[in-house]
Amino acid sequence: MKALDRLLQRWRINKARPYIKQNARVLDIGCADGALLQQLNSLIRDSVGIDPDLPYSTDRDGHKLIAGRFPDDLPDARPFDAITMLAVWEHVPPALQSSMARHCAQFLKPGGNLIVTVPSPKVDHILRFLRALHLIDGMSLEQHYGFDPKILPQLLSGAGLTLFKSEKFQLGLNHLLVFKK
């Protein structure tokens with residue numbers, strides 16, 4: 001990852017942090033290199049990151065990183081206090097979005113939080129430009145599906161989750177949405 005990719009990643013992690021309780025069991029879907037779990041190390045107790053682009057599964061600093069897909073490749077079915085999906089929904093094919101919402105609700109404890117960041121569809125043009133200038137790696141940009149963050153509350157409420165926080169950040173180009181079960 002380039003420096004700008006890391007900066008944007010840290011910004012998303014810092015937006016998610018307030019919604020993760022002390023000693024929480026956390027699942028990070030689309031964990032990349034596990035940066036969120038490492039940065040929250042002192043806050044969380046048990047954590048799993050899962051990402052199909054990881055080269056292999058490993059245990060890093062007490063955090064399980066699974067090379068695989070959610071939920072099929074999770075090592076167990078115990079629920080989580082918090083699930084994070086930072087810059088992930090725009091990579092979920094439209095045909096799989098409803099089942100992703102149901103699985104998130106299924107793996108979340110009652111009272112738990114699903115914490116999502118998702119960029120505005122306009123961001124794809126900006127990211128392509130920044131990638132052309134070699135300022136970002138633009139991880140998996142070709143997998144973006146033009147996802148509109150406005151549909152997320154309805155999609156997740158259909159799975160039994162309630163939106164309780166919604167705000168824009170990164171100059172209004174990114175969205176933070178926090179849902180409670």
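A few remarks follow.
- Equivalent ellipsoid semi-axes, the stretch 30-88, via Cα gyration tensor eigenvalues times 5, rooted, Å: 16, 13, 12
- Non-local lysine pairs in the stretch 4-154, meaning eight or more places apart or on different chains, with alpha-carbon distances under 22 Å, amount to 7.
- Most mobile of ALA95, ALA16, ALA87 in a GNM of the chain (Cα contacts under 10 Å): ALA95
- Once C-alpha pairs closer than 8 Å and six or more residues apart are averaged by separation and normalised to the residue number of the chain, the relative contact order reads 21 percent.
- Gaussian network model of the chain, springs between alpha carbon atoms under 10 Å - residue of LEU40, LEU74, LEU171 with greatest fluctuation: LEU171
- Principal axis box of the chain, alpha-carbon based, largest edge first, Å: 43, 36, 29
- Highest-MSF residue in the chain out of ASP53, ASP61, ASP137 [GNM, Cα springs under 10 Å]: ASP61
- Diffusion coefficient, µm² s⁻¹, Stokes-Einstein with Kirkwood Rh over alpha-carbon pairs of the stretch 59-105 at 37 °C and 0.692 mPa s: 267
Bear in mind that the values in this text are calculations on the coordinates, not laboratory data. Please read these numbers as outputs of a predicted model, since none were measured by experiment.
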